[in-house]
Amino acid sequence: MDVSALREFLALSETLNYSATARMFFISQSALSKHMKQLEEEAGAALLLRNTHSTKLTPEGEIFAKHARRTLEEIDAALDEIAQFRARNHISLSIGTMEVSAGATMAHALGLLNGRISNVDSSVTTLEVEEVIRAVEEGAIDVGVTMLFETAIPDDIGLKCLAVENFGALVAKGHPLTRKKSVVASDLAPYRILIPSPNEFPTMSRITRSAISTVSRRMRIVDKMTNIGSIAPFLISEGGVALTFSNVSRYYRDCFPFIPLPDIEAHATVGVLWRESRENAVIASFVECMAEAVEKYGGIM
């Protein structure tokens, strides 16, 4: 059985709310429903009763939850024991990061780390923004670098805030909006607006739609931002506008001007996360090095 699905099931057994549980794991409700259906097929029994008004566990679901909780406790204990063994016998660090922070800032931080602790075997994996917290919580990576919105950080997760990124519009050079002294959300109405895909970036999509909710009826929204690489072609070929955060402009080395939208109150915090139960000298040093790298470059890039 999928360990991630077991964690989702246990959370759902406590919240009895599909919407709230899906937000906890940064997935859509339809994805959560699919995972629960797969669990029920593997268990050979209905585990949940759901209608338009409520969700509750079946008697079989109560039994399954009891044993799933014990199973996950054993898995977490095994992961912690493995981490402690590796810390005693190896100096390694697995890092998960969103694409926009996998460049110069990360390279500088790793250079600092290797200068302070010799023979650190570092591996960097690029993940989507919503996947990083989940990977840290499940022990798939030692530390993660990602953007946080109104997200509640789970217990046992340490957090070091590195920077605050502002919300605004990204456009191609020479775009008419670059000639305006100031831009507000209503100025975007004549242009096609690229926003995060709800399938690939459910949290960022929800945050973006909420931020522009008062003016979105007058906008031509295109929710096709599936990764950071999908932004440049849209801006160049369609002359459109991408709604995103200021760190994306630095990722593109300022090839695309970033225009703040002062009438939209939205921001994101970039931070380093790790499981406190797995913290060691290498993780603590990496966190310090990332903070120094962000200070040197004036942000994530």
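The values are calculated or read from the model by the stated rules, or taken from the named source; none is laboratory data. None of these values were measured; they are calculated from a predicted model. Because the Cβ atoms are built from the backbone with ideal geometry, glycine has one as well, and the counts that use them run over all protein chains shown. Side chains are part of the model used for accessible areas, which takes the heavy atoms of the whole protein and leaves out ligands, DNA and RNA. Shrake-Rupley method; radii C 1.70, N 1.55, O 1.52, S 1.80 Å.
Tell me whether region 1-107 comes out rounded, prolate or oblate; compute the Cα gyration tensor, take square roots of the eigenvalues as a ≥ b ≥ c, and use a/c under 1.5 as the rounded threshold. Note, shape of region 1-107 comes out oblate.
Keeping every protein chain present and rolling a 1.4 Å probe, give me the accessible area per residue for region 177-299 in Å².
48 Å²
What separates the Cα centres of region 222-301 and region 94-133 is a distance of 14 Å. Per the Debye formula on identical point scatterers at the alpha carbon atoms of region 51-178, with no solvent, log10 I(q)/I(0) at q = 0.12, 0.14 Å⁻¹ is -0.69, -0.85. At an R0 of 22 angstrom, the distance between the Cβ atoms of residue 254 and residue 4 translates into a FRET efficiency of 0.05. Here the chain carries DSSP beta bridges of which approximately 60% are antiparallel, counting only pairs with both residues inside. Enclosing the Cα atoms of region 173-301 in their convex hull gives a volume equal to 133 cubic angstrom per residue. Share of carbon and sulfur in the accessible area of region 150-194 stands at 49%, probe radius 1.4 Å. Evaluated on region 116-227, the Kirkwood hydrodynamic radius is 17.0 Å, with distances taken between all distinct Cα atoms. Give 180/224; 181/224; 224/296 a once-over and call out the pairs whose C-alpha atoms are over 31 Å from each other. Exceeds cut-off: 224/296.
Counting only aspartates and glutamates at least 8 places from residue 173 when in the same chain, those with an alpha carbon closer than 15 Å to its own are 238, 254. Sparse packing (at most 12 other Cβ atoms within 10 Å of the Cβ) combined with a DSSP loop state is found for the following GluC sites (Glu not before Pro) in region 120-207: 150.
What is region 126-174 by shape, rounded, prolate or oblate, if you read a ≥ b ≥ c off the alpha carbon gyration tensor as root eigenvalues and call it rounded for a/c under 1.5, prolate for a/b larger than b/c, and oblate otherwise? It comes out prolate by the Cα gyration axes. Between the entries [x] 136; [y] 156; [z] 177, the label attached to volume of the Cα convex hull per residue in Å³ calculated for this structure is [x]. Placing a label point 7 Å from the Cα of residue 56 along the Cα-to-Cβ direction, the residues of region 1-31 whose backbone N falls under 20 Å of that point are 9-21.
Once every DSSP H run of n ≥ 4 in the chain is given -39500 (n - 2.57) and the sum is divided by its residues, what mean residue ellipticity at 222 nm do you get, rounded to the nearest 500 deg cm²/dmol? Write out the running numbers ahead of the final one.
Working: 10 runs with 129 residues, N = 301.
Value at 222 nm, helices only, nearest 500: -13500 deg cm²/dmol.
Eigenvalues of the alpha-carbon gyration tensor of region 189-263, scaled by 5 and square-rooted, set the equivalent ellipsoid semi-axes at 18, 14, 13 angstrom, largest first. For the pair residue 117 and residue 214, label points projected 7 Å from Cα toward Cβ lie 4.7 nm apart. Taking trypsin sites (Lys or Arg not before Pro) across region 194-301, the ones in a DSSP loop with at most 12 further Cβ atoms lying within 10 angstrom of their Cβ are 253.
Can you quote the Å³ per residue value for the convex hull of the Cα atoms in region 235-287, rounded to an integer?
For region 235-287, the hull spanned by Cα atoms encloses 133 Å³ per residue.
Charges were assigned to the Cβ only: +1 to each Lys and Arg, -1 to each Asp and Glu. The resulting dipole of the chain about its Cα centre is roughly 1380 debye.
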